[in-house]
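Trainee: Can you keep this structure in mind? I'll have questions shortly.
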Amino acid sequence: MSRKIGFIGGGNMAEGIIGGLVASKSIDSASVFVREIRADRQQYLTGKYGITAASDNEELLKRADIIVLAVRPQDAEPVVRAISGYVEDRHIIVSICAGIKIEKLKDWIGKDVKFARIMPNTMIESGRGYSALAVADDLTDADRSEVRVITDAIGKTMYLAEEKFDAFTALSCAGPEWFILYATALTDAGVEIGISREESKAIVYENMVATGTVLAGSKKHPYQITDEMNTPGGIGIAGFHSFQNAALTGIVMDAVYAAYKRTTELG
């Protein structure tokens, strides 16, 4: 990345992106700035990643070219309105605020400014998972490349129409939490049938990684894979019956829809 980048907000998601950028050497840490209202948090970020603290938003916008808006969705409007007086033509505002469209951000800032939206993956520390990226039509190819550096530094990038962002947020960002719930349930089940917790965790976690690898690399429909695994009268089909009886598919679809509905409410 040739341009300097500044973060308004230094929460967990901002830290994940900063860590990814610095670790991947996508940008020199001296070209990264942060403005976080909690002094202890700002000091922590600058100390850990070697980035520079900005005393206020005005200083941040003077020193950085790409501005990452990393505040809570409910705090976005006052922050965007507050920085409007410091924004210049060279700036690109990149929002990671869930549920808030570029059109609304432009309305709040009250001037012609370049915007992009990112919905980061929630497993940033793994370097895996997709982040969604939407850019306004007025961004040049060079602008788009610079913004994409952010998402490429924390996993994979999926260009997505902005109207699909709420659905992406519900499925991709909340999805890992539900995998964790399932993994924990499987681990407890292992303990119940006599396997130690450490052994059970090791089995479950490795199986999750292995299964994801197989699914991602296979052109088969997932049910084709399970059909091949379910031998007649076998152990897999016996457990499969229990999941079907409990309407697992419906439960999962209800959970995703609930997350999607909540995401639209935030907007």
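Trainee: Label Asp112 and Thr226 with points 7 Å out from Cα along Cα→Cβ: what is the distance between them in nm?
Mentor: 5.4
Trainee: OK, next. Hey, in the GNM for the chain with a 10 angstrom Cα cutoff, which one of Ile235, Ile150, Ile51 fluctuates hardest?
Mentor: Among Ile235, Ile150, Ile51, the largest GNM mean-square fluctuation belongs to Ile235.
Trainee: [x] 116; [y] 153; [z] 265: which one is volume of the Cα convex hull per residue in Å³ as calculated from this entry?
Mentor: [y]
Trainee: Cross-link list Lys101/Lys156; Lys48/Lys106; Lys220/Lys261; Lys62/Lys114; Lys101/Lys220; Lys25/Lys219: which exceed 26 angstrom alpha carbon to alpha carbon? Mind dumping the intermediate values first?
Mentor: Working: Lys101/Lys156 22 Å; Lys48/Lys106 34 Å; Lys220/Lys261 31 Å; Lys62/Lys114 16 Å; Lys101/Lys220 36 Å; Lys25/Lys219 34 Å.
The answer is Lys48/Lys106; Lys220/Lys261; Lys101/Lys220; Lys25/Lys219.
Trainee: Here's something else I'd like to know. Could you give the nm distance between label points at Ala185 and Thr264, where each point is 7 Å from its Cα heading toward the beta carbon?
Mentor: 2.6
Trainee: When the chain is modelled as a GNM with alpha-carbon springs shorter than 10 Å, which of Gly233, Gly85, Gly190 fluctuates the most?
Mentor: Gly233
Trainee: What residues have an amide H closer than 5 Å to that of Val68, excluding those fewer than 5 places away on the same chain, when H is modeled at 1.01 Å from N in the peptide plane?
Mentor: When sequence neighbours closer than 5 places are left aside, the close amide H contacts are Gly6, Phe7, Ile8, Val94.
Trainee: Give the relative contact order (percent, whole number) for the chain; include only Cα pairs under 8 Å separated by 6+ residues.
Mentor: 16
Trainee: What are the membrane-span-like helices in the chain by this rule: whole DSSP H runs, Cα extent along the axis at least 18 Å, mean Kyte-Doolittle hydropathy at least -1.0?
Mentor: On the way: long enough: 175-192 (26 Å, 0.44); 197-217 (30 Å, 0.07); 248-266 (28 Å, 0.38).
Correct list, ordered by number: 175-192, 197-217, 248-266.
Trainee: By count of other Cβ within 10 Å, fewest leading, how are Lys156, Lys201, Lys219 ordered? Walk me through the numbers on the way to the answer.
Mentor: Details: Lys156 12, Lys201 17, Lys219 5.
Ranked by crowding around the Cβ, least crowded first: Lys219, Lys156, Lys201.
Trainee: Using +1 at the C-beta of Lys and Arg and -1 at the C-beta of Asp and Glu, which of Met158, Ile17, Tyr205 has the Cα lying farthest in the positive direction of the dipole of the chain?
Mentor: Positive-most Cα among the choices belongs to Ile17.
Trainee: Please arrange Thr187, Thr226 by counting, for each residue, the other beta carbons lying within 10 Å of its beta carbon, fewest first.
Mentor: Thr226, Thr187
Trainee: Please report the antiparallel percentage of the DSSP beta bridges confined to the chain, to the nearest 5.
Mentor: Counting only bridges with both partners in the chain, antiparallel ones make up about 15 percent.
Trainee: Return Leu181, Leu61 ranked ascending by Cβ neighbour count within 10 Å, so the fewest neighbours appear first.
Mentor: Leu181, Leu61
Trainee: Have a look at Ser84, Ser218, Ser172 and tell me which one the Gaussian network model of the chain (Cα, springs below 10 Å) gives the largest fluctuation.
Mentor: Ser218
Trainee: Does the range 1-147 classify as rounded, prolate or oblate by the C-alpha gyration tensor (a ≥ b ≥ c root eigenvalues; a/c under 1.5 gives rounded; else a/b over b/c gives prolate, otherwise oblate)? Could the numbers behind the result be given before it?
Mentor: On the way: a/c = 1.38, a/b = 1.19, b/c = 1.16.
Judged from the Cα gyration tensor, the range 1-147 comes out rounded (a/c under 1.5).
Trainee: R0 = 45 Å: FRET efficiency of Ala210 with Arg81, Cβ-based, nearest 0.05?
Mentor: Numbers: r = 49 Å, r/R0 = 1.09.
Rounded to the nearest 0.05, the efficiency is 0.35.
Trainee: Placing +1 at every Lys and Arg Cβ and -1 at every Asp and Glu Cβ, with all other atoms neutral, what dipole size does the chain have around its Cα centre, in debye to the nearest 20?
Mentor: That gives the chain a dipole magnitude of about 300 debye.
Trainee: Once the Cα gyration tensor of the range 97-187 is found, what semi-axes does its equivalent ellipsoid get, as square roots of 5 times the eigenvalues, in whole Å, sorted largest first?
Mentor: Output for the range 97-187: semi-axes of 29, 15, 9 Å.
Computed from the coordinates by the stated procedures, all read-outs in this text should not be read as laboratory data. The shown structure was predicted, so the numbers you read here are calculated from the model rather than taken from an experiment. Cβ sites come from the backbone with ideal geometry, for glycine too, and all protein chains shown count toward neighbours.
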